[in-house]
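The values are calculated or read from the model by the stated rules, or taken from the named source; none is laboratory data. A quick note: this is a predicted structure, and the numbers were derived from the prediction, not measured. Neighbour counts run over all protein chains shown; Cβ positions are idealised from the backbone, glycine included.
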Amino acid sequence: MTATPAGGVPPLDPAEAWETPAVPSLSPSRAGDFMTCPLLYRFRVVDRLPEPPSREALRGTLVHQVLEDLFDLPAQDRTLDRATAMVPTAWESVRSQSTDAVEELFDGPEDAAAWLASAEPLLATYFGLEDPAALEPAERELRVETTLDDGLVLRGYVDRLDRNPAGETRVVDYKTGRAPREAFEQKALFQMRFYALVLWRATGTVPRVLQLLYLGDGQVLRYSPDEADLLATERKVRALWAAIQRAHESGDWRASPSRLCDWCAHRALCPAHGGTPPPLPSAGPAAAGGQPPG
């Protein structure tokens, strides 16, 4: 899933686990970090600095869990009432998997209960966008992976993959925030094009539709890629990886100040804001000239 975990070690979904240190790999999340700010990538991937848990990110993980579990039910039981009733059980599952003391995010039981209830409007919005009783996903929480001809491994997790009788596929991703303004749509679609590239290289088939469901405001962003789009995405990914390699070799991880700095957990360490980054790790694959995890 694409929701950010509940804090602690920086966001690292299972697709980003570095199973074979000698193998270079990249996920859409880490590619997005580097495009946003190379120093942020360093803090998360090279330094592995902890980040505080976030109520918003935790709620996103919770809603994703409910929507994943919903399709375990018979079609006739996939109702809003049933999804709402699943929230407490999904919360127990999310909480049990968290490495953080997430209870510290709440000012007592009443605050925790109100936060839990805040997931319900997001689920209601989802049911206004789709009828899950009419859907039978081909895959949920699908791990996708491919290796490019230069040895770079691309991997990620797709929230949902639908397949119609003709064999055409639709890649679906849930977002619990609001849809981006038009000027930022392409950045949002990069993640989906990344998934489409991996699926195309792995299966030989270009997904028919890429679909982002924004539960924060009920907007849907759809895009139909073609091979030319995905070849351009592949060139961009290769260029990003080359830039990441150069940063590792030179130790030059530059900050890219923007409005997003206001929400960065590492602002106090950023030179752009008067901070000093910690010394680069002196051990490990990155320091030894090996490939960092993506």
Cβ pairs under 9 Å, 6+ apart or interchain, first in region 113-139 and of a type in the set (Val, Ile, Thr), second modelled with pLDDT of 95 or more and surrounded by fewer than 14 Cβ atoms within 10 Å (Cβ to Cβ), ordered by first then second residue, are 125/217
Exactly one condition in (1) at pLDDT below 70; (2) within 23 Å of residue 259 (Cα to Cα) is false for residue 16; which is it?
(2)
Pairs, first of a type in the set (S, T, N, Q) in region 255-279, second assigned to a loop (DSSP other than H, G, I, E, B), C-beta under 6 Å, six or more apart:
256/37
Residues in region 80-100 that are of a type in the set (Gly, Ala, Ser) and surrounded by 12 or more Cβ atoms within 10 Å (Cβ to Cβ): how many?
4
Where residues in region 57-79 are part of a helix (DSSP H, G or I) and exposed (fewer than 15 other Cβ atoms within 10 Å of the Cβ), which of them is farthest from the chain's Cα centre (by Cα)?
76
Touching a Leu at 6+ places or on another chain (Cβ under 7 Å), polar (S, T, N, Q) and surrounded by 18 or more Cβ atoms within 10 Å (Cβ to Cβ) - does that describe any residue in region 159-172?
yes
Any idea which residue in region 237-249 is farthest from residue 193 (Cα to Cα), counting only those that are touching a residue at least 40 places away in the same chain (Cβ under 8 Å) and of a type in the set (D, E, K, R)?
249
Out of the residues in region 175-213 meeting the condition of being free of Cβ contacts under 8 Å to residues at least 24 places away in the same chain and polar (S, T, N, Q), tell me which one is nearest to residue 237 (Cα to Cα).
186
Select, from 159, 150, the only residue that is touching a His at 6+ places or on another chain (Cβ under 8 Å) and in the same structural domain as residue 191 (by TED's automatic domain parsing).
159
